[in-house]
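Engineer: After the structure tokens below, expect a handful of questions from me.
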Amino acid sequence: MKYALVTGGSRGIGKAISLELSRAGYAILINYVSNKEAALETKSMIEQQGGIAELMPFDVTDKHAVDEAIEQWVATHSDDFIAVLVNNAGIREDALMIFMQDEKWDKVINTNLNSCFYVTRRVLKYMLSKRFGRIINVVSLSGLKGLPGQTNYSAAKAGVIGVTKALAQEVGARKITVNAVAPGFIDTDMTKDLDEKSLKTMIPIGRFGTPEEVAAVVEFLASDKAGYITGEVISINGGLYT
Ligand code: NAP
């Protein structure tokens, strides 16, 4: 059985990706850190559409917890393989740099950037031996353009773009592709404190995007059709930045 591991798969963009990859035929490993209720709801939605899903809770910032969860899963799934990894878990904690406390800087770098290293290196080991894999990193417009008030988040997402481009070159010969999607403003819990009415006037398409619009691109990048695309960053932002 081919599995897709979606970090932060319980809510928002990760939930839509989990549902879409399930429709594409993958069994889904739904990672989350604290919201078990949301993870169970996503699991049951996958099962209702005829798919298979398992919960895989761990904190992506805790390298020991990441190793333990993945190694434990591998030990009990000798016939299965994590063919797709979506590094989606993320947070934002905005502040102008002049007011940025160490805690906000470290938390955002750990959750959005270091997590990508901790999870990818563990899953990559098995992809390299299977000589196949699809790694898709969820970055952001902030990581391409930089956004004021988000030096921590912009740095983390730009860092993941660097990982994407470098790793794509390391593992291409083993038929492992590594790409990123860069959403603009997407309607999820992460953006519910933003002033959508005024922000959408800046977006050429005139609205926030939906998690499903991001999931559709991730599903394409995971598919056989995208086998010759690697090291790319695809923007999904309504024309806000191209
Ligand atoms: P969201 O609705 O706030 O969901 C965040 C998800 O990440 C939840 O599943 C959460 O798990 C999980 N998570 C957070 N910290 C974690 C940790 N330490 N360990 C494991 N899981 C953790 O966010 P979203 O809007 O869907 O964002 C998903 C990704 O898209 C993020 O990387 C974000 O930076 C990126 N993005 C979002 C937007 C946007 O406009 N929404 C734009 C550009 C990029 P729990 O349910 O357990 O809390």
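Read the figures in this text as sums done on the coordinates, not as results from a lab. No experiment lies behind these values; they were computed from the predicted model shown. A quick note on method: Cβ atoms are made from the backbone with ideal geometry, for glycine too, and the neighbour counts reach across all protein chains shown.
Engineer: Conditions: (1) surrounded by 19 or more Cβ atoms within 10 Å (Cβ to Cβ); (2) at positive phi. Thr188 meets all but one. Number of the miss?
Structural biologist: Answer for Thr188: the failing condition is (2).
Engineer: Examine segment 47-56 for a residue that is under 16 Å from the mean Cα position of the chain (by Cα) and more than 13 Å from the ligand (Cβ to nearest atom), and state whether such a residue exists.
Structural biologist: no
Engineer: Every residue in segment 32-67 that is surrounded by 20 or more Cβ atoms within 10 Å (Cβ to Cβ) and hydrophobic (A, V, I, L, M, F, W, C), please.
Structural biologist: Scanning segment 32-67 gives Ala39, Ile46, Ala53, Met56, Phe58, Val60, Val66.
Engineer: Kindly check whether there is at least one residue in segment 92-100 that is more than 9 Å from the ligand (Cβ to nearest atom), closer than 23 Å to Val218 by Cα and touching a helix residue (DSSP H, G or I) at 6+ places or on another chain (Cβ under 9 Å).
Structural biologist: Here is the first cut: in segment 92-100, the residues more than 9 Å from the ligand (Cβ to nearest atom) are 93-100.
Filter once more, so that each one left must be closer than 23 Å to Val218 by Cα: none.
Scanning segment 92-100, I find no residue that is more than 9 Å from the ligand (Cβ to nearest atom), closer than 23 Å to Val218 by Cα and touching a helix residue (DSSP H, G or I) at 6+ places or on another chain (Cβ under 9 Å), so the answer is no.
Engineer: Also, I was wondering about something else. Working only within segment 188-242, note down all residues that are acidic (Asp, Glu) and touching a residue at least 24 places away in the same chain (Cβ under 8 Å). So that I can check it myself, show each step before the final result.
Structural biologist: Step one: list which residues in segment 188-242 are acidic (Asp, Glu), which gives 189, 193, 195-196, 212-213, 219, 224, 232.
Within segment 188-242, Asp189, Glu212, Glu213, Glu219, Glu232 meet the criteria.
Engineer: Have a look at Ile70, Ile17 and point out the one that is buried (at least 19 other Cβ atoms within 10 Å of the Cβ) and within 18 Å of Ala216 (Cα to Cα).
Structural biologist: Ile17
Engineer: Looking at Thr164, Thr177, Thr210, can you tell me which residue is buried (at least 17 other Cβ atoms within 10 Å of the Cβ) and within 15 Å of the ligand (Cβ to nearest atom)?
Structural biologist: When all the criteria are applied, what remains is Thr164.
Engineer: Within segment 75-89, can you find the residues that are touching a strand residue (DSSP E or B) at 6+ places or on another chain (Cβ under 7 Å), farther than 13 Å from Ala222 by Cα and near the ligand (Cβ under 10 Å from one of its atoms)?
Structural biologist: Keep residues of segment 75-89 that are touching a strand residue (DSSP E or B) at 6+ places or on another chain (Cβ under 7 Å), which gives 80-88.
If we keep only those that are farther than 13 Å from Ala222 by Cα as well, we get 80-81, 88.
Passing the criteria: only Asn88.
Engineer: Which one of the conditions (1) part of a helix (DSSP H, G or I); (2) surrounded by 22 or more Cβ atoms within 10 Å (Cβ to Cβ); (3) of a type in the set (S, T, N, Q) does Asn114 fail to meet, given that it meets all the rest?
Structural biologist: (2)
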